[in-house]
Amino acid sequence: MEKILVKNSLHLRGTVRTSGAKNAALPILAASLLGTEDIVLEDVPELKDVEIMTEVLKSLGSDVKKIGKNKFIINSKNLNSYETKYELMSKMRASFLVMGPLLGRMGKTVNSLPGGCNIGSRPIDLHLKGFEALGAIIENNVGDITASAEELTGNKIYLDFPSVGATENIIMAAVLAKGETIIENAAMEPEIVDLANFLRKMGASVTGAGTSSIRIRGVEKLTGCNHQIIPDRIEAGTFMVAAAITKGDVIVENVISSHMKPIIAKLKEAGCEVIENDEAIRVIGTENPKAISIKTLPYPGFPTDMQAQFLSLMTQLRGNSVAIETVFENRFMHADELNKMGADISVEGREAIINGPKKLKGTSVKATDLRAGAALILAGLVAEGTTEISEIYHIDRGYENIEDKFRSLGANIERVDRE
Ligand code: EPZ
């Protein structure tokens, strides 16, 4: 079984370039099902999750070709199915994002229910509520979910929670519907803005993305376009925390500073120096960083996808740090793994208290989700000895060439194949 070994590596230094955003690439790949002409995507991160999504597109009849590093050409003119295969859906819940485009393009879609995962039950009620509001009939037959509609008609939809996936799925279902759709209390993540920009290039009419009210006016058909995926703000944040936790000096390139505000604010509160310019951010760690508190919230609040990485950092901050996780109901499993390394984290429901600084010791730990895996690498950098991380398939889902990137900053990290 593949594992990642991390040895004590303080004072990381150098420059690292983030890849395109996984959470923009996945909905944009799904949205390519709506196009009838060539679509060229650049800066697509080469990740397990992207591979699975391209397999899903091919299984529906879309022609998907990799034409260079991080570059794909897609043509969905001749779709021949509206049904996703269970074995693909079960590999990645984000495959569920093809439901909106298939409903919009084909008038029908059959998907196996996406599983929950370690971090929570991850229901899809808001996605389905949106489809029904557009006139779709939803049938839930033992594990499969079918949505169908003679014709989709625009409507006003209020989301009880600003769900990223539901906002994206509803936009993709509405772009070919008759009339106007307004999504209220929509998610405002930058990845939704990137999806809207992509759809507009294909001829869709989507305004307000990035605000809590998004307006879509249905059009007859969508053509093709060229699009470059935005940088991955979570990968960028992960390397910024790497500089902080190792008291290093790291420049992160290919980053949109305005997407990083909560992360920059919290690193500054801890005592780090953060220097921003238009395409890069430099983080210089401090010798004696102090405790901070974070509360995860939908964008523009502190991102839940950075909570695990900050928990690792908090083990090295002087005093009691607090992390409150409001987005997912079970996203502190990495606390147990960090405590195995000598951290002092106590979790009560949605709140974790982290007493620091604590000397961590390398041992065998396991990644419990994609970001938890990254957090364990960060902890391994400051731990004494060697940290052996298993279940690293989680990490490969969301981080492209993670060891090479860390190694380029001076980290002692390698991937091994051992039982
Ligand atoms: C997206 O997941 C991201 N994934 C997640 O990133 C990210 O953590 C999450 O947004 C929040 O920012 C992708 O974009 C592929 P949600 P998504 O719908 O869309 C509840 C990573 O590490 N909810 O905003 O599934 C749900 O239970 C991954 O890259 C409903 O109740 O997130 C959760 O508590 C992890 N009903 C909350 O909303 C619904 O119909 C946030 O979920 C949908 C969601």
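The values are calculated or read from the model by the stated rules, or taken from the named source; none is laboratory data. As the structure is a computational prediction, the values presented were derived from the model and not from experiment. Cβ sites come from the backbone with ideal geometry, for glycine too, and all protein chains shown count toward neighbours.
Before moving on, here are some points about what is shown:
- Those residues of segment 235-247 which are buried (at least 23 other Cβ atoms within 10 Å of the Cβ) and either on the phi > 0 side of the Ramachandran plot or not in a helix (DSSP H, G or I) (or both), in sequence order: Thr246
- When Glu419, Glu403 are screened for being more than 26 Å from Ala291 (Cβ to Cβ), modelled with pLDDT of 95 or more and not in a strand (DSSP E or B), only Glu403 passes.
- Test set (1) away from the ligand (no atom under 15 Å from the Cβ); (2) under 20 Å from Ala375 (Cα atoms); (3) surrounded by fewer than 21 Cβ atoms within 10 Å (Cβ to Cβ) - Leu297 fails condition number: (1)
- Residue among Ile216, Ile230, Ile281 that alone is crowded, with 20+ Cβ neighbours inside 10 Å, under 20 Å from Ala25 (Cα atoms) and among the β-branched types (Val, Ile, Thr): Ile230
- Within segment 87-119, the only residue that satisfies the criterion of being under 23 Å from the mean Cα position of the chain (by Cα), more than 15 Å from the ligand (Cβ to nearest atom), surrounded by fewer than 24 Cβ atoms within 10 Å (Cβ to Cβ) and over 20 Å from Leu47 (Cα atoms) is Ser112.
- Single residue of Met188, Met202 found to be under 26 Å from Phe161 (Cα atoms) and surrounded by fewer than 24 Cβ atoms within 10 Å (Cβ to Cβ): Met188
- Every pair of residues 6+ apart whose Cβ atoms lie under 8 Å, when the first sits in segment 77-103 and is in a helix (DSSP H, G or I) while the second is of a type in the set (Phe, Trp, Tyr): Met89/Phe96; Met99/Phe131; Gly100/Phe131; Leu102/Tyr82; Leu103/Phe131
- Given (1) farther than 21 Å from Asp305 by Cα; (2) within 15 Å of the ligand (Cβ to nearest atom); (3) surrounded by 24 or more Cβ atoms within 10 Å (Cβ to Cβ), number of the condition Ile39 does not satisfy: (2)
- Of Ser312, Ser408, all but one fail to be in contact (Cβ under 8 Å) with a residue 60 or more places away in the chain, of a type in the set (S, T, N, Q) and touching a Leu at 6+ places or on another chain (Cβ under 8 Å); the exception is Ser312.
- Of the residues making up segment 47-54, none is farther than 17 Å from Ala173 by Cβ, in a loop (DSSP other than H, G, I, E, B) and free of Cβ contacts under 8 Å to residues at least 40 places away in the same chain.
- The listed residue being among the charged types (D, E, K, R) and crowded, with 21+ Cβ neighbours inside 10 Å, out of Lys22, Lys58, Lys77, Lys69: Lys22
- Residues located in segment 251-288, provided they are within 16 Å of Pro190 (Cβ to Cβ) and touching a Pro at 6+ places or on another chain (Cβ under 8 Å): Asn254, Val255, Ile256, His259, Lys261, Pro262, Ile263
- Residues that are part of a helix (DSSP H, G or I) and of a type in the set (Gly, Ala, Ser) were ranked within segment 120-134; the one that is nearest to the ligand (Cβ to nearest atom) is Gly130.
- For segment 135-150, the set of residues classified as in a loop (DSSP other than H, G, I, E, B) and in contact with a strand residue (DSSP E or B) (Cβ under 8 Å, 6 or more places away or on another chain) consists of Gly135, Ala136, Gly143, Ala149, listed by residue number.
- Evaluating Asn141 against the criteria (1) surrounded by 14 or more Cβ atoms within 10 Å (Cβ to Cβ); (2) more than 27 Å from Ile182 (Cβ to Cβ); (3) out of contact with any Lys or Arg (no Cβ under 7 Å at 6 or more places or on another chain); (4) modelled with pLDDT under 95 leaves one unmet condition, (1).
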